[in-house]
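Notes for the one structure printed next.
The values are calculated or read from the model by the stated rules, or taken from the named source; none is laboratory data. What you are looking at is a predicted structure, and each value in this text was computed from that prediction instead of being measured. When we count neighbours, we look across all protein chains shown, and the Cβ atoms used for this are built from the backbone with ideal geometry, even at glycine. Surface accessibility is based on the protein's heavy atoms, side chains included, excluding ligands, DNA and RNA. Shrake-Rupley method; radii C 1.70, N 1.55, O 1.52, S 1.80 Å.
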Amino acid sequence: AVVVMKSDGVVADWNDRAAGVFGWSRDEAVGRTMADLIIPERYREAHRHGLQRYLETGIGSVLGTRIEVARLRKNGKEFPVELSISPVRDGKSVLFVGCLRDISERNALRLARGEVSRVTQRMAMGEMAAAIVREISQPLEAVAANANAGLRRLAGSAPGLDKVSAVLQRIVNDSQRANEVIDKIRLIFNTDPPTKEPL
């Protein structure tokens, strides 16, 4: 959309694309104050100050750059636009040519991509949590099974110490394996930098 504004803030021209984007026809827009037409109320005072500052000093912070700002449609709804403004001098007077592009769809796509990324991350964390549970469950189940086997041997009439010792060694091995899994999990989720031991 191309919108031309005079130095008094009044719309001088308004192309067909501007009519499609904002909902105001060219006849409705030309001759009206730009700020009242398409600038949200909370930004109107800053717009007026910026215009006055440029007219007095020739300095405009947004001129010649591309910025993202909110604008208003005829129905009062705000939407994001990409805007670039260029001053065009004609003798003593100046016109401001604004080129605007509705970026609602682009922003919606960016938000959707962000949401997909968050969902994917949550799914990955869920899969990782399930894998962690499986990894820890196996040695813990083995510890419980071997401990029960050791208790049964000790409850027998003549427990063989070599068999009880073998069962206890399996319990120790399974406990160590569970601890190794837990240490690996700690390493995965540790975000602190490694601390150096004092010399």
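Determine, yes or no, whether Val133 is farther than 30 Å from Asp8 by Cβ, assigned to a helix (DSSP H, G or I) and open to solvent by 40 Å² or more (accessible area, probe 1.4 Å). Break it down into steps so the answer makes sense when it comes.
On the way: farther than 30 Å from Asp8 by Cβ: yes; assigned to a helix (DSSP H, G or I): yes; open to solvent by 40 Å² or more (accessible area, probe 1.4 Å): yes.
Yes, satisfied.
Among the residues that make up segment 111-122, is at least one of them touching a residue at least 12 places away in the same chain (Cβ under 8 Å) and surrounded by 10 or more Cβ atoms within 10 Å (Cβ to Cβ)? No, there is no match, as no residue in segment 111-122 is touching a residue at least 12 places away in the same chain (Cβ under 8 Å) and surrounded by 10 or more Cβ atoms within 10 Å (Cβ to Cβ).
Can you tell me how many residues in segment 41-100 are of a type in the set (A, V, I, L, M), over 22 Å from Gly31 (Cβ atoms) and in a helix (DSSP H, G or I)? Residues flagged as of a type in the set (A, V, I, L, M), over 22 Å from Gly31 (Cβ atoms) and in a helix (DSSP H, G or I) within segment 41-100 amount to 1. Residue pairs whose Cβ atoms lie under 6 Å apart, sitting 6 or more positions apart in sequence or on different chains, and linking a residue in segment 140-154 that is polar (S, T, N, Q) to a partner that is not in a helix (DSSP H, G or I), do not occur here. Determine whether segment 56-67 contains at least one residue that is modelled with pLDDT of 90 or more, open to solvent by less than 70 Å² (accessible area, probe 1.4 Å), more than 14 Å from Asp8 (Cα to Cα) and touching a Leu at 6+ places or on another chain (Cβ under 8 Å). Checked against the condition, which is being modelled with pLDDT of 90 or more, open to solvent by less than 70 Å² (accessible area, probe 1.4 Å), more than 14 Å from Asp8 (Cα to Cα) and touching a Leu at 6+ places or on another chain (Cβ under 8 Å), segment 56-67 yields no hits at all.
Only one of Asp36, Asp27, Asp8 is modelled with pLDDT of 95 or more and not hydrophobic (A, V, I, L, M, F, W, C); which? After applying the criteria, what remains is Asp27. Just one of the listed residues (Arg44, Arg48) is modelled with pLDDT of 90 or more and under 27 Å from Gly91 (Cβ atoms), and it is Arg48. Restricting attention to segment 155-170, the residues being surrounded by 11 or more Cβ atoms within 10 Å (Cβ to Cβ) and either of a type in the set (Asp, Glu) or touching a helix residue (DSSP H, G or I) at 6+ places or on another chain (Cβ under 8 Å) (or both) number 6. Does Leu83 satisfy being surrounded by 10 or more Cβ atoms within 10 Å (Cβ to Cβ), at pLDDT 75 or above and touching a Cys at 6+ places or on another chain (Cβ under 8 Å)? Judged against the criteria, Leu83 is a match.
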